[in-house]
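One structure is given below, encoded as structure tokens.
What follows draws every value from the coordinates through simple rules; no lab data is involved. Keep in mind that what you see is a predicted model, and the values were worked out from it rather than measured. We place every Cβ from the backbone using ideal geometry, glycine too, and count neighbours over all the protein chains shown.
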């Protein structure tokens, strides 16, 4: 066997391995620098968020909160529909009301929210909830209804789902 050829191949493999190791080291240093930069950017973002959270809100913000609080549950439903619409501003209100109104459009949405507010004011949310659950149980089994409650999006808090199941047990 030719030892010169083996030594040459061994030398080439060693030089290639050293070059590869140096390249990996350079890439590792570049990635470390990138991680440090991302850490600084994250720190800046957290500081900006803290500043935003601590700054005083405008009068318009507090007026909006007061209006939604005065609207009660219908206001929360409108706010949720607006959040789910994917739009902002007037477009969010338009889409939310149109979605709530179904085929009647925005006017139907306004009518739905007003009717809901009147019914809640007259009978209370608990009585309304029990009546709706009783009506649902006329058409579906308890097991099917519980499965639907469990399948609700995680946006709806667990305590609300548990309360709905408890109301079904009472019915």
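Values for this structure:
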quantity	calculated
Angle in degrees between helix 105-123 and the longest Cα principal axis of the chain, rounded to the nearest 10	60 degrees
Acute angle (nearest 10 degrees) that the helix 158-170 long axis makes with the longest principal axis of the chain, alpha-carbon atoms	40 degrees
Peptides ranked, highest mean first, by Cβ atoms within 10 Å: ranges 30-43, 76-89	76-89, 30-43
Helix 3-54 vs. the chain, principal-axis angle (Cα, 0 to 90°, nearest 10)	30 degrees
Relative intensity, log₁₀ I(q)/I(0), of the chain from a Debye sum that treats every alpha carbon as a point, q = 0.11, 0.12, 0.14 Å⁻¹	-0.74, -0.82, -0.99
Net length gained if the chain between residue 166 and residue 43 were fully extended (0.36 nm per residue, minus Cα distance)	39.8 nm
Sites residue 106 and residue 35 - FRET efficiency at Förster radius 35 Å, r taken between beta-carbons, to 0.05	0.10
Cα-based shape type of segment 1-55, given that a ≥ b ≥ c are square roots of the gyration tensor eigenvalues and the cut on a/c is 1.5	prolate
Ordering of 147-154, 95-102 by burial proxy (mean other Cβ atoms within 10 Å per residue, highest first)	95-102, 147-154
